[in-house]
Amino acid sequence: MAEYTLCYWPAPFRGEFIRAILAHQGATVDEPDSDAISSMMQTDPAAQPVPHMAPPMLVHNASGEAVAEMPAICFWLGQRFGLMPGEPHRDALVLKLVNDANDVLDEMTLDGGKSMWTAASWADYQPRLRRWMGIWEESHARGWLPAEEEGLGQIVTATLWGVMTDRLPSLRPLLEAEAPGIATLTDRFRALPSLAAQAQASHERFGETWCGGEIETSLRRVL
């Protein structure tokens, strides 16, 4: 039996952060199929491993402990695997970056596809996307993502910007222009053997898919 069970759709997006952390630690993980995930979503909260609305959900199989919501899962694994800096303020800053990453995903998919991208809405969004990149670059400049540490903040950062610009390559020049330090950090961490193998496995499983669905179709159209 695998050490963990991850309930998430067959796409990178939020699930990729959890996959990357587990891969970095060499942990084994099972992923149920989409039918099982849909069934779990419809299960009464009293019967779920942890009451939740939608994936991701991660279960530690030996203990039965379960956590839902991407930032909470990342924080749980960060503490479990010793990936947090271990100082209250820096721990909080790492958690902030995880929540920021979740916000970027929400914005890039227009709150889960509640509307679709148009040329006009994408153009309007560009200053905000550049600002997000600038926030990461300043966090890096302030020393909050030291390259010598292989911590949660670095893994989440590399996964956010690495997967996004890999699947949506026209965004890579923008990242290099707005956040060159983050582009370099992303490349360095994505090249770690564990994360490189995980990225290759993701490509083999999901192809060029990033978030999937009609929202990705509209995103690719404006790009």
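The values are calculated or read from the model by the stated rules, or taken from the named source; none is laboratory data. What you see is a predicted model; the values in this text were computed from it and never measured. Note: ideal-geometry Cβ built from the backbone for every residue, glycine included; neighbour counts use all protein chains shown. For the accessible areas, the whole protein counts, side chains as well, though only heavy atoms, and no ligand, DNA or RNA atoms are used. Shrake-Rupley method; radii C 1.70, N 1.55, O 1.52, S 1.80 Å.
Quick look at the values:
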item	result
Residue in segment 159-178 that is among the aliphatic types (A, V, I, L, M), without any contact (Cβ under 8 Å) to a residue 24 or more places away in the chain, open to solvent by less than 10 Å² (accessible area, probe 1.4 Å) and part of a helix (DSSP H, G or I) present	no
Qualifying residue in segment 122-133 (condition: out of contact with any Asp or Glu (no Cβ under 8 Å at 6 or more places or on another chain) and assigned to a loop (DSSP other than H, G, I, E, B))	no
Condition broken by M53, with the remaining ones in (1) part of a helix (DSSP H, G or I); (2) more than 24 Å from A201 (Cβ to Cβ); (3) free of Cβ contacts under 8 Å to residues at least 60 places away in the same chain satisfied	(1)
Subset of segment 46-71 [of a type in the set (A, V, I, L, M, F, W, C) and in contact with a helix residue (DSSP H, G or I) (Cβ under 9 Å, 6 or more places away or on another chain)]	M53, A54, M57, L58, V67, M70
Meets criteria (open to solvent by less than 20 Å² (accessible area, probe 1.4 Å) and touching a Pro at 6+ places or on another chain (Cβ under 7 Å)) for V94	yes
Top-ranked residue in segment 1-54 [being among the hydroxyl-bearing types (S, T, Y) and in contact with a Leu (Cβ under 9 Å, 6 or more places away or on another chain); ranked as farthest from M70 (Cα to Cα)]	T28
Check on E208, open to solvent by 60 Å² or more (accessible area, probe 1.4 Å), in a helix (DSSP H, G or I), farther than 23 Å from P71 by Cα and not small (G, A, S)	no
Check on E138, closer than 23 Å to D91 by Cα, open to solvent by 10 Å² or more (accessible area, probe 1.4 Å) and assigned to a loop (DSSP other than H, G, I, E, B)	no
